[in-house]
Amino acid sequence: MSKIINIEIKAKCANPQKIRNVLFSLNTKYVGLDHQIDTYFIVNHGRLKLREGNIENNLIHYDRENISGPKTSNCLLYKSNPGSSLKEILVKSLGIFKIVDKKREIFFVNNVKIHLDEVKGLGSFVEIEAISKNEDFTKEQLLSQCNHFMEIFEIETEDLIPCSYSDM
């Protein structure tokens, strides 16, 4: 299990191709297209979700404020195995809060992870996550990175989303 701190934003994205073009011009690392099912569970504190995809499979617990703009997220990440009994155990013990179905393109620029999401029933979004594992970056550095990508993607304040897809 790894402990991660990140500064992140989520925004509506009217033109995913424009952001995709910027990303390819920066010689980013394109990880691929992941069809992800995020099952959120009923918990007393923070959020707990099981991500099932063809690229990413994790049990994720996180605490994050629901505010527009860059926000700190403290995450615990557990790599899960597709097809294990983990989901069944969580469903039976906690119950399901929401399920989010999305197609996610995943890009990396050093420690910054960028997602272009098409969320079933909600539309297109961009997420920027400036990630620190083992405190290799300060919160100030992460915030600066997040703001840098918001600027080059020309993300407008009114497009920022304060909450999780599960709240939408």
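Working from label points 7 Å from Cα in the Cα-to-Cβ sense, the residue 84 to residue 3 distance is 2.1 nm.
Here the Gaussian network model covers the chain, with springs between Cα atoms less than 10 Å apart; of 53, 83, 95, 83 fluctuates the most.
Working note: Karplus 6.51/-1.76/1.60 with θ = phi - 60° gives region 134-150 the couplings 6, 6, 7, 9, 7, 4, 5, 5, 5, 4, 4, 5, 4, 4, 4, 6, 4 Hz, where Gly and Pro are set to x. In plain terms, the bigger the Kirkwood radius, the slower the diffusion; for region 1-156, with that radius from Cα pairs, at 10 °C and 1.306 mPa s, Stokes-Einstein puts D at 97 µm²/s.
A straight chain from residue 98 to residue 124 at 0.36 nm per residue would run longer than the Cα-Cα distance by 7.5 nm. Amide H contacts of residue 55: 35, each under 5 Å away and 5 or more positions distant or on a separate chain (H built 1.01 Å from N in the peptide plane; Pro and chain starts excluded). Length gained on full extension, residue 45 to residue 133, computed as 0.36 nm times the residue gap minus the Cα-Cα distance: 29.5 nm. Pairs from the table (29/120; 113/139; 18/113) lying more than 22 angstrom apart at Cα are 29/120. The modelled label-to-label distance between residue 72 and residue 140, using points 7 Å beyond Cα along the C-beta direction, is 1.4 nm.
The numbers here are math on the coordinates, done by the rules we state, and not lab data. Owing to the predicted nature of the structure, the values given are computational and were not obtained by experimental measurement. Please note: Cβ atoms are built from the backbone with ideal geometry, for glycine as well, and neighbour counts cover all protein chains shown.
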